[in-house]
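Have a look at the structure below before the remarks.
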Amino acid sequence: MKILSNADVAELLPMAEAIDVIDTTMRGVSDGTAQLPLRHVVPVGGANMMGVMSGSLAEPSCYGVKLVSLFPGNPDKGLSGHRGAVVLFEAETGGAVAMMDAGLLTAIRTAAASAVATRALARPDAERLTIIGTGEQAEHHLAAMLAVRPIAHVHIVGRRAEKAAAMAVHAGHAYPALVITHGTDVQTGIKGADIICTVTNSATPVLQGAWLEPGQHVNIVGSSVASKREVDADVVTRCEYFFDYRPSLLAQAGEIVEGLKAGAFTESDLKSEIGSVLNGAPGRSSAQAITAYRSLGVVAQDLAAAQHVLDRAVAEGRGQDASF
């Protein structure tokens, strides 16, 4: 078995490669070539949870499981909110062939998925980005958006002013050509934005549909269980609303579960999986339309990214070899 660390993942899964991997993967998800049981979540005390995600892919040919702890308080301790491992198996005899750190891999593949959706749905000339949230996903989403659109101005919105300011300083050092501003008010922060990414741990909406403007694209990323929702029902009704995987959407997206129950909209009001758009289904209808991509984070993304890391590790002689 190949054991791969956080440092290995960072080296072997650069954002540009991750975006290409996820693009191929989501096409396969919508083609029906992946087996994706819904995520199993176990409460482990307070707001903390353990997630178990398993699946198999035809392209790349692999199967495996992600075991991940979801600890929303970790960033305040300088740790990732997602900690765990991805295990890959080989198809010939069923043996485990690789285990790697799940925290960074999750962060990269999630941002890469938003980049794939943004490339498919956002206006080509989109250059003003607002990121709502200041954690690990905010940093990776900045890199991902820069990879697919000509971003020139970034506004960072944080619940705490000092966190937003700190991220702005960090981003300014990393990307000195960008104009970077920051604040704490979401409604003000999204005015004039072309792309909006919500990457918070909030259990209640931080973004309201009434605030959105024609031509915007929204990536809704931070909440992945039905009890939480970063956006209100008006976001769904105002947007051409796309998503990663319909079964996950209907079971785990809080704004969808609650909105359908309340009759705010019907399932027919929802558009299609992003993989279907990549495969030729209609996407953004016009430059003035408001589009949204709802990311639940299917395990197909983890497995494809992990297989990419493993293939590069074998080719480059990275990682540690261990036997059971």
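Compactness of the stretch 1-81 is given as radius of gyration and Dmax, 15.3, 41 Å, from Cα positions. All other residues whose Cβ lies under 13 angstrom from that of Met1 are scored, Lys and Arg at +1 and Asp and Glu at -1, for a net of -1.
Label reach from Ile3 (point 7 Å along Cα→C-beta): in the stretch 73-107, amide nitrogens under 16 Å belong to 84-88, 96-102.
Distance distribution P(r), the stretch 143-233, all Cα-Cα pairs, bin width 10 angstrom from 0: 15, 48, 33, 4 percent. Over the stretch 59-182, Cα pairs under 8 Å with separation of 6+ residues give a relative contact order of 17 percent. Rolling a 1.4 Å probe over the heavy atoms of the protein chains gives the chain an accessible area of 41 Å² per residue.
Size descriptors for the stretch 212-252 (Cα atoms only): Rg and Dmax, in that order, 10.7, 29 Å. Can you tell me which of Gln301, Gln288, Gln137 moves the most in a GNM of the chain? Springs connect C-alpha atoms under 10 Å apart. Comparing Gln301, Gln288, Gln137 in a Gaussian network model of the chain, the most mobile one is Gln288. In the chain, helices alone account for a calculated mean residue ellipticity at 222 nm of -11000 deg cm²/dmol, with every DSSP H run of four or more residues adding -39,500 (n - 2.57). When a/c is below 1.5 the answer is rounded, else prolate if a/b is larger than b/c, else oblate, so apply that to the stretch 111-189 with a ≥ b ≥ c taken from the square roots of the Cα gyration tensor eigenvalues. Prolate is the answer for the stretch 111-189, as a/c is 1.5 or above and a/b outweighs b/c. Under the rule a/c < 1.5 gives rounded, and otherwise a/b versus b/c splits prolate from oblate, where does the stretch 79-129 land using the Cα gyration tensor? Cα axes put the stretch 79-129 in the oblate bin. Separation of the stretch 78-103 from the stretch 22-51 is 14 Å, based on Cα centroids.
Placing dummy labels 7 Å off each Cα toward the beta-carbon, the span from Ala203 to Asp185 is 2.8 nm.
Principal axis extents of the C-alpha atoms in the chain (largest first, rounded to whole Å): 55, 44, 41.
Take the Cα radius of gyration of the stretch 18-128 and divide it by 2.2 N^0.38 Å, N being the number of residues; the result is 1.21. Where both residues lie in the chain, what percent of DSSP beta bridges are antiparallel, nearest 5? Once the DSSP bridges in the chain are tallied, antiparallel ones form about 50 percent. Can you pull a Stokes-Einstein diffusion coefficient for the stretch 190-287 at 25 °C (0.890 mPa s), Rh from Kirkwood over Cα pairs, as a whole number of µm²/s? Diffusion coefficient, whole number: 178 µm²/s.
Debye-formula intensities of the stretch 243-324, expressed as log10 I(q)/I(0) at q = 0.27 Å⁻¹, are -1.32 (one equal scatterer per alpha-carbon, no solvent). Under the shape rule built on the C-alpha gyration tensor, where the axes satisfy a ≥ b ≥ c, the stretch 2-46 is oblate, since a/c reaches at least 1.5 while a/b does not exceed b/c. Extension gain, Val169 to Gln288: 0.36 nm times the residue separation minus the Cα-Cα distance gives 39.6 nm. Cα axis of helix 299-316 to longest principal axis of the chain: angle in degrees, 0 to 90, nearest 10? In the chain, helix 299-316 runs at an angle near 50 degrees to the longest axis.
Mean sequence separation of contacting Cα pairs (under 8 Å, at least six apart), scaled by the length of the chain, corresponds to a relative contact order of 22 percent.
The values are calculated or read from the model by the stated rules, or taken from the named source; none is laboratory data. Just so it is clear, the model here is predicted, and its values are computed rather than measured. We place every Cβ from the backbone using ideal geometry, glycine too, and count neighbours over all the protein chains shown. Only protein heavy atoms, including side chains, enter the accessible area calculation; ligands, DNA and RNA are left aside. Shrake-Rupley method; radii C 1.70, N 1.55, O 1.52, S 1.80 Å.
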